[in-house]
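Read through the structure below, which is laid out as structure tokens, and then see the notes.
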Amino acid sequence: MATLLQIHEPGETPQPHESKSELAIGIDLGTTNSVVAVSRDNKPDVLKGDDGTALVPSIVAYAPDGSAIVGVLAKGLLLSRPGAVVSSIKRLMGRGVEDIKSLAGQLPYEIENENTQGMVRLRVQGNSLTPVEISADILKALKERADENLGESVTKAVITVPAYFDDAGRVATKDAARLAGLEVLRLVAEPTAAALAYGLDAGAEGLYAVFDLGGGTFDVSLLRMQKGVFQVLATGGDAALGGDDFDHAVAEYFLGQRTEKLHEKSFSADEAKVALMTARIAKECLTSEESGEWVIEAGGETSRHSLSRDELEQLIGPMVGKAIKICSNVLDDGGVSTDEIKGVVLVGGSTRVPLVRKRVGEFFGREPLADIDPDEVVAIGAALQAEALTQGSDTLLLDVIPLSLGLETMGGLVEKVVHRNTTIPVAKAQEFTTFQDGQTAMSIHVVQGEREMVDQNRSLARFNLTGIPPMTAGAARIRVTFQVDADGLLTVSANEDSTGIESQVEVKPSYGLSDEEMATMLRASMEHAKDDMELRLLTEARVEAERAMNAVEAALKADCSLLDEGERAAIGRQIDVVMAACRGSERDLINAEAENLDTVTRPFAEKRMDKGINDALKGAPVSKLESKAD
Ligand code: ADP
Ligand code: MG
């Protein structure tokens, strides 16, 4: 095993560790399986249970009194007492009821608050549970395993999260850890942890790809190692692509053969269940064997099925192709070609499938790294990071934000403040000003997404900056600062320069974006980029015209007497024309008519200026004017 990547802020050296710090663990909290590991003197170990295995199925069974059983024992209850068992809870972390509406009826659990807002609640054996509490039960089991193995109570951990997890998913994971009695030293992106496990610093600077194909999900990430700093440059994936899909393809094939052999028209649910279990065994077997024969026994009928590795590859080929296509998109996204990639890391049980390894190798033009068990590699990286952090190293792991963060401005437009794929931690500020004379408050609306208009993006938070002293429009200087910390959590603050008034929110949505939603939003922003730009220019033209009309109207109110009837009527007519243009959607027309308004009102503006000077002269005592003239 290579040594841990040393990641320091350039120019800073880590502090030597003063006191012997307590141990901290690394946790891979997975959708299908979780793993806990610890590292001492740079030597990581995965912690095994009484049964000698490192993988803890991420499955929890509940008793009516709320007590929980986690792991293999809970998995054993899946078939006999499905109503008491929760699996794949990670898919709901940071999601709200709104987010999972589209999945209604497909989820294997009963959602308690289907018709309300906020965090999802599941009803299991009469208990009402949130995904945070269920994940906390898994984390508690992992902590117990660590306590037993290490002979002390461990309280600190590095926990991994998918690179695409948004603010809500990260907050939910941290909350779950707190409930389990663990202090999170840092949340680390799964691909970054995998790269750390391989000690990719040994290969020095360069680009690396992490290919993670698990049971139900596929993720690919592009990492850059530069000047001792790791960054996730781009990520992609498919939340519904994994080994389970391979199992389904094989099961369908078996069932087709079976109905033909037995002259049946269709198959029962029971037959389908057995076929699926058989398919999974066959698939895993064909990782090391060239061919084999399997038996499906259900409903009193037995059928025999032979399958070769070649045949398996025919069945799963299109799905592997889909994953490779996503890799190609991610490289395009990061503006990188395959020959720039220095290494490819394999993560997840399904990367054991020979066809997957072969196609990954062909696509990237190099043999992928697979020396470390793909099931354990993420937890090992997390453990190495946990050790580095408790030793007082200022190890810095960089990550990117998956979607742009911005603010709503006039006309429902979005001003992006932190762009997508910006590395975190990051702080960015932008200045805004007031739109109306005498405006004393400003409503700050924080949104997430790539589109140009607010209603096409996701609303994250709203707050008000109040107490702005009345000034003319455009005079106030309001600085809005976005701060995203190393764990990916966002704080937005606003302050007005001349008065120093300030207001801030920690953005804590009770639900988040699904990665599918995220992919959809990204795709939409690319497809609509041109339309969005048109719409943006049109909206800007309208806002500009409106500002001009407001100014003219304010002037008319103040200095009406400077104009005669005819002049006033001409200005009024032109305002009507501008208003009509604004109702339409011809940008050039709006701009032209706004300009005409400017032309029509120019004599008026000049008169006002003259009057202003006269007033100033009138207001000043003669003596003062004389003394000034001296
Ligand atoms: P997750 O990331 O979703 O928690 P894992 O990384 O644990 O999932 O991967 C589980 C998947 O790996 C399952 O579909 C399983 O069938 C598959 N798998 C495990 N071992 C093998 C093997 N030897 N050959 C093929 N597939 C395997
Ligand atoms: Mg995994």
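Legend: residues SER493, SER303, sorted from most to least accessible area (1.4 Å probe; ligands, DNA and RNA excluded), read SER493, SER303.
Extension gain, GLU362 to THR599, is 78.7 nm, computed as 0.36 nm per intervening residue step minus the present C-alpha separation.
Report the FRET efficiency, 1/(1 + (r/R0)^6), for ASP41 and LEU77, where r is their Cβ-Cβ distance and R0 is 35 Å, rounded to 0.05. The value I calculate is 0.30.
Checking the a/c ratio against 1.5 first, then a/b against b/c, what shape does the Cα gyration tensor give for region 53-194? It comes out oblate by the Cα gyration axes. Between THR422 and ASP588, full extension at 0.36 nm per residue minus the direct alpha carbon distance yields a gain of 56.2 nm.
Computed from the C-beta positions of GLU144 and ALA370 and an R0 of 30 Å, the FRET efficiency is 0.45 to the nearest 0.05. For region 405-516, a crude dipole built from +1 on the beta carbon of Lys and Arg and -1 on the beta carbon of Asp and Glu, taken about the Cα centre, is about 40 debye to the nearest 20. Distance between the pseudo-spin-label points of HIS263 and CYS285 (7 Å out from Cα toward the beta carbon): 2.9 nm.
Got a sec? Which residues in region 538-556 would a label at MET579 touch, if it sits 7 Å along Cα→Cβ and we count backbone N under 13 Å? Output list for this probe position: 546, 549-550, 553. On full extension, the segment bounded by ASP610 and ASP50 gains 192.4 nm, given 0.36 nm per residue less the C-alpha separation.
A DSSP coil position with no more than 10 other Cβ atoms inside 10 Å describes the following GluC sites (Glu not before Pro) in region 279-347: GLU290.
With viscosity set to 0.890 mPa s and temperature to 25 °C, compute the Stokes-Einstein D of region 421-485, Rh being the Kirkwood radius across alpha carbon pairs; µm²/s, no decimals.
This corresponds to a translational diffusion coefficient of 182 µm²/s.
Cβ-Cβ distance of THR481 and MET410, R₀ of 22 Å, FRET efficiency by 1/(1 + (r/R0)^6): the value works out to about 0.60.
Remark: accessible surface ordering of LYS283, LYS174 (largest first) is LYS174, LYS283, probe radius 1.4 Å. MET225 contributes an accessible area of around 10 Å² to the protein surface, as traced by a 1.4 Å probe with all chains present.
Kirkwood analysis of region 405-516, using all unique Cα-Cα pairs, places the hydrodynamic radius at 14.6 Å. With the simple model of a label 7 Å out from the Cα in the direction of the Cβ, ASP497 to MET277 spans 7.1 nm. Mean projected area of the Cα convex hull of region 136-197, taken over all directions, amounts to 4.3 nm². Phi angles across region 30-41 convert, under the Karplus curve 6.51 cos²θ - 1.76 cosθ + 1.60 with θ = phi - 60°, into 3J(HN,Hα) values of x, 6, 9, 9, 10, 9, 10, 9, 9, 10, 10, 6 Hz, Gly and Pro given as x. LYS43 contributes an accessible area of around 130 Å² to the protein surface, as traced by a 1.4 Å probe with all chains present.
The values are calculated or read from the model by the stated rules, or taken from the named source; none is laboratory data. Because the structure is predicted, anything quoted here is derived from the model rather than measured. All Cβ positions, glycine included, derive from the backbone under ideal geometry; neighbour counts span all protein chains shown. SASA here: full protein model, heavy atoms, side chains in, ligands and nucleic acids out. Shrake-Rupley method; radii C 1.70, N 1.55, O 1.52, S 1.80 Å.
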